[in-house]
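Colleague: Quick one: structure below, then a few questions.
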Amino acid sequence: MSEYGAVALPEIRVEWAEALAPALRDSVVEAHSLDREELVAALPGLWRAVDSALDLAGPGSLVAESVRHDAYEGWQVAALPRYDLDGRIRPRGRRDGPQHGAPQLRDRRALVRALVGAVAERPCLDVRDALQMLEVFAGNFPPGLDAVCRRLLGHELRQGVAAGLAPLHEALDRRAPGGVSTLCYRESAVGSRKAKGDPATDNEDTAGALTGPSGVLRCAVFDGVTGDGDGSGGTAARAALEQAIRRWRLEEAATGRGGAGGDAAFAGRAGPGDGPRSDPPGAAGVGAGVGVGAGAGIGGVPGSVAPAAVGVGEASRPGEPIPGDAFRPGELMAELDAAVGRATAHGSAAAVLATVRPDGTASVVSVGDAEAWLIRPLRVPASEIPYTAWKLTPAHTGFAERLRITADAEGEESQLVSFLGGGTARWAHRTFRVAPGDLLLLASDGATEPERDRWFGAVLAELTAQLDASGRPTAPALAAALVQRAEALGGWDNATALVCAVGEAKD
């Protein structure tokens, strides 16, 4: 007499009719057949293969290991068809929808796991792990990967993956054919729960922007950190900004266009309440919320788009000319760190600094938890949000250090492990390109306060679309809206947002 168990599990042996290419992580990490920095640009080919695989095998047939790549043959998708109880492959049914239909959630999650796992320092455990790594290490991952993964998970993709992701890839590849001009806008607030009743020390954030005769825009946000609330964080942030402005002027002078007396052509600022002004007599200083123009009629120093970098560097001597064609982020961070150390024994600061050149090349360098985001218009139907956003900077926190090792990382989201004033053990540098219509956001962590179960990039895209539709000037309105949003979420921290609007080159 046969005995029947409550659950019956088959033994299935899978044979592939053709050889399998290496799994994506093996292809990137071990075989180096696909450069991690080129991953996002290569994804349209993967999406076509995914659509074909789902057409043949049906939705729900992908796992993370399905995504494969070979240096010579390109993309391969190893789909696992569904089986009937007799062991035969189940044919596509009516409920599977038309060809190039929307993939199931299982398929989307498998693709996200495969993509993040290919560029992360360790294998990706699950989708939650993937999303955490995208949030924390975005600046170290290929630019736009966070936007790609979020669209994979959240967009309807009714016409298939390739069609659904096409508008985003067009945006990611967009360039400035004729050069760019820039305007910067800044807003800052203390935060009601952060305020201690001393206007001189309550706001420990500071920000500034500087434009020289070359048309190069340089801007920064510094977020002061005080251990015992004595205001030393504000001292650190102001010292860092003053040193940054000094270096910016040396860099501009080294291009051969600034020269002696060239400071009069600068438009630099430290917002109200940010301490002593660094502008010399004759310099054009402007207050918060007023645009700083970077005319693109004068050629800037050509920049190169290169992978993200991390490390430390040596500082140049004070007053030493800085070659205009060689930006060295390690030197910059070491100089800022030393300036903070000279100004205060207790305060420190997180920092994010950006440079935008008239030819559309740009770079950002950061330490701590200050953030940079790029917001770009999407060419999509009227029913969709016409903007996307992706993060340009990683976080240097205790949580980030734990997440490098394990998916079970918890706590220490606000504990900085690298910052100005304590030795910049880890900093990040990223080069990228901007195009007319872009908004480049630099912000303290108070202005990027997360909402429960909502990606901040989606917040930026939706908020920008709303402000654009309202008829208000989008860039200054976004800076103000982010500060107001921080207060609406509780006002727990100083919030500073500096938004650079990128336009077409001016005659």
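Colleague: Along the range 392-400, what does the Karplus equation 6.51 cos²θ - 1.76 cosθ + 1.60 (θ = phi - 60°) give for ³J(HN,Hα), rounded to whole Hz, x for Gly and Pro?
Modeller: Running phi through 6.51 cos²θ - 1.76 cosθ + 1.60 with θ = phi - 60° gives 10, 10, x, 9, 10, 10, x, 4, 4 Hz.
Colleague: Another question about this same structure. What order do you get for 211-218, 460-467 when each peptide is scored by the mean count of other beta carbon atoms within 10 Å, highest first?
Modeller: 211-218, 460-467
Colleague: For the range 433-441, just list the computed ³J(HN,Hα) in residue order, Karplus coefficients 6.51, -1.76 and 1.60, θ = phi - 60°, integers in Hz, with x standing in for Gly and Pro.
Modeller: 10, 10, 9, x, x, 6, 10, 9, 9
Colleague: Quick one: 3J(HN,Hα) in Hz for the range 464-469, Karplus 6.51/-1.76/1.60 with θ = phi - 60°, rounded, Gly and Pro as x.
Modeller: Going residue by residue, I get 5, 4, 5, 5, 5, 5 Hz, with x marking Gly and Pro.
Colleague: Can you order the peptides 335-346, 119-130, 490-501 by their average number of other Cβ atoms within 10 Å per residue, highest first?
Modeller: Ranking, from highest mean packing down: 490-501, 335-346, 119-130.
Colleague: Give the distance, in whole Å, between the Cα centre of the range 51-69 and the Cα centre of the range 374-419.
Modeller: 28 Å
Colleague: On to the next question. Can you give me the % of accessible surface on the range 42-87 that is carbon or sulfur? Probe 1.4 Å, all protein chains present, nothing else counted. Please list the in-between numbers first.
Modeller: Working: 1120 of 2060 Å².
For the range 42-87, the apolar C and S fraction of the accessible surface comes to 54 percent.
Colleague: Continuing with this model, one more query. Determine the gain in length on full extension of the stretch Trp16-Trp492; use 0.36 nm per residue of separation and subtract their C-alpha separation, reporting nm with one decimal.
Modeller: Between Trp16 and Trp492, full extension yields 165.7 nm more.
Colleague: Using mean Cβ contacts within 10 Å as the protection proxy, how do 389-397, 240-248 order, highest first? Can you show the working numbers first?
Modeller: Values: 389-397: 26.1, 240-248: 23.8.
Put in order of decreasing packing, that is 389-397, 240-248.
Colleague: Out of residues 5 or more away from Asp205 or on other chains, whose amide H comes under 5 Å of its own, with H placed 1.01 Å from N in the peptide plane?
Modeller: Residues meeting the amide H criterion: Gly224.
Colleague: May I pose another question? Could you please state how large a percent of the accessible area of the range 336-436 is carbon and sulfur, counting protein chains only and using a 1.4 Å probe?
Modeller: It is 49 percent, rounded to a whole number.
The values are calculated or read from the model by the stated rules, or taken from the named source; none is laboratory data. Source: prediction; values computed, not measured. Quick reminder, even Gly has a Cβ in these numbers, built from the backbone with ideal geometry, and neighbours come from all protein chains shown. Quick note on the areas: whole protein, heavy atoms, side chains included, nothing else; ligands and nucleic acids left out. Shrake-Rupley method; radii C 1.70, N 1.55, O 1.52, S 1.80 Å.
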